[in-house]
Amino acid sequence: MIRGGGKFISSLAALFIFAFALASPAVPQATVERMEVASSRIDNFRIGSSQTKFGRLEFVGGLEMTSSGRDFGSLSALRFQKPGSDFVGVADTGFWFFGSIERDAGGKPTGVASFRMTEMTDRDGKLIGEKWLTDAEGLAIDGDLLTASFERDHRISDYRLAGDEVEGPIRNRDFLVPAYELRQNRGFETLAYAAKDGPLAGSLVAVSEKSLDKQGNIFAAILDGPQKGVFKVRRSGEFDITDGAFLPNGDLLLLERSFAMSRGVAMRLRLIKGDKIARGALVDGEVLLEASMLYQIDNMEALDVWRRGDGSLIVSLMSDDNHSILQRNLYLEFKLDE
């Protein structure tokens, strides 16, 4: 009989657990990657022309952005935390990104400061890392609550923002559109809060890129509020919807994109009247701007609307370069004549 055998076995077990913990790989956690962004100013929207007025839109200025940061690019959605300054966004490679627009004395954009990216995590704070699970396309923001939409693994999820850190998903929202109607890689690209004093009383609205019904209309949904339910957006031409934002008067501004090998990429802005958006409705609207490769555009995917200090309503656009050497990361600003 070995005296003190129980203590010996307990000590041996503790030593084994300790050794196992040392041998086990650490669970990857999200870290904030800070990077320098070099910006070239864009002073003319139409290439080779000094034209500034384009219908109800007046070009303010823009930037072409590059960075040596490995993960920089694929910028899919943008929301300003401070009007025209601090912003947060999602990249479809599974990252959150943050930064601030710098300006000259006249208010034109001159560069991007304090740019950083951090990978998305699951509920336990572990990195997800798989593209099909983190293909983030749309973003809405309400204080420190971020709501992101994902395609491929279709979902709309709420997150809590704390400084540069975004906690794992709090919950998944019911997106109302039947899941079988959402097309692969053509899911929800737009998330936007309606104006609180507008027809939809601050409801969160989701619009898909190109999930079509049998008549060729685009699926969308009002996710809460008195008009909660599915509606459709009429698809016009070969354009697909990539983002949107509500104007202060309650109207919805949609960013659209098309691509063909014969003509390249094009972008369009379409305005949907807020009082037309309702459960069961089919909506369409006025085209405010359409631009081809004769203009300073690329794969335009992000849009936000904000009020400048002088009261002007500004439309900001950003492109997704898909991490391709043939594409560019652009930031563009327009003043909208209300």
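Kindly indicate whether A105 is hydrophobic (A, V, I, L, M, F, W, C) and within 26 Å of L247 (Cβ to Cβ). Here the answer is no, as A105 does not meet what is asked. Residues in the stretch 209-233 that are of a type in the set (D, E) and not in a loop (DSSP other than H, G, I, E, B): E209 only.
Within the stretch 129-165, the set of residues being at pLDDT 95 or above and touching a helix residue (DSSP H, G or I) at 6+ places or on another chain (Cβ under 8 Å) comprises F150, H154.
Restricting attention to the stretch 184-203 and to residues that are charged (D, E, K, R) and either crowded, with 20+ Cβ neighbours inside 10 Å or in contact with an Asp or Glu (Cβ under 6 Å, 6 or more places away or on another chain) (or both), the residue that is farthest from L78 (Cα to Cα) turns out to be R186.
Would you confirm whether or not the stretch 42-61 contains a residue that is farther than 22 Å from D304 by Cβ, of a type in the set (D, E, K, R) and at pLDDT below 95? Checked the stretch 42-61: no residue is farther than 22 Å from D304 by Cβ, of a type in the set (D, E, K, R) and at pLDDT below 95.
When the stretch 216-260 is filtered for residues that are of a type in the set (D, E, K, R) and modelled with pLDDT under 95, only E238 remains.
With the condition kept exactly as written, say whether any residue in the stretch 192-208 is more than 30 Å from R308 (Cα to Cα) and not in a loop (DSSP other than H, G, I, E, B). Within the stretch 192-208, none of the residues are more than 30 Å from R308 (Cα to Cα) and not in a loop (DSSP other than H, G, I, E, B). Return yes when E181 is surrounded by 22 or more Cβ atoms within 10 Å (Cβ to Cβ) and not hydrophobic (A, V, I, L, M, F, W, C) and no when it is not. Here the answer is no, as E181 does not meet what is asked.
Take T121 and tell me if it is among the hydroxyl-bearing types (S, T, Y) and out of contact with any helix residue (DSSP H, G or I) (no Cβ under 8 Å at 6 or more places or on another chain). In short, yes.
With a requirement of 1 or more residues that are touching a residue at least 60 places away in the same chain (Cβ under 8 Å), surrounded by 21 or more Cβ atoms within 10 Å (Cβ to Cβ) and in contact with an Asp or Glu (Cβ under 9 Å, 6 or more places away or on another chain), the strands (runs of 3 or more DSSP E) lying completely within the stretch 234-338 that satisfy it span 240-246, 252-260, 264-272, 300-307, 313-319, 329-336.
The lone criterion from (1) among the charged types (D, E, K, R); (2) in contact with a Leu (Cβ under 7 Å, 6 or more places away or on another chain); (3) in a loop (DSSP other than H, G, I, E, B) left unmet by D174 is number (2).
Look at the stretch 57-68: where a residue is closer than 21 Å to E286 by Cβ and a partner is β-branched (V, I, T), sitting 6+ places away or on another chain with Cβ atoms under 6 Å, you get E58/T52; F59/T52. Is it the case that F95 is under 19 Å from the mean Cα position of the chain (by Cα) and within 15 Å of A30 (Cα to Cα)? So F95 fits the description; yes. Condition first: at pLDDT 95 or above, at negative phi and among the acidic types (D, E). Can you find one or more residues in the stretch 182-190 that meet it? Yes, because at least one residue in the stretch 182-190 is at pLDDT 95 or above, at negative phi and among the acidic types (D, E).
The values are calculated or read from the model by the stated rules, or taken from the named source; none is laboratory data. Here the structure is a predicted model, which means the values were calculated and not measured. Positions of Cβ are backbone-derived with ideal geometry, glycine not excepted, and every protein chain shown enters the neighbour counts.
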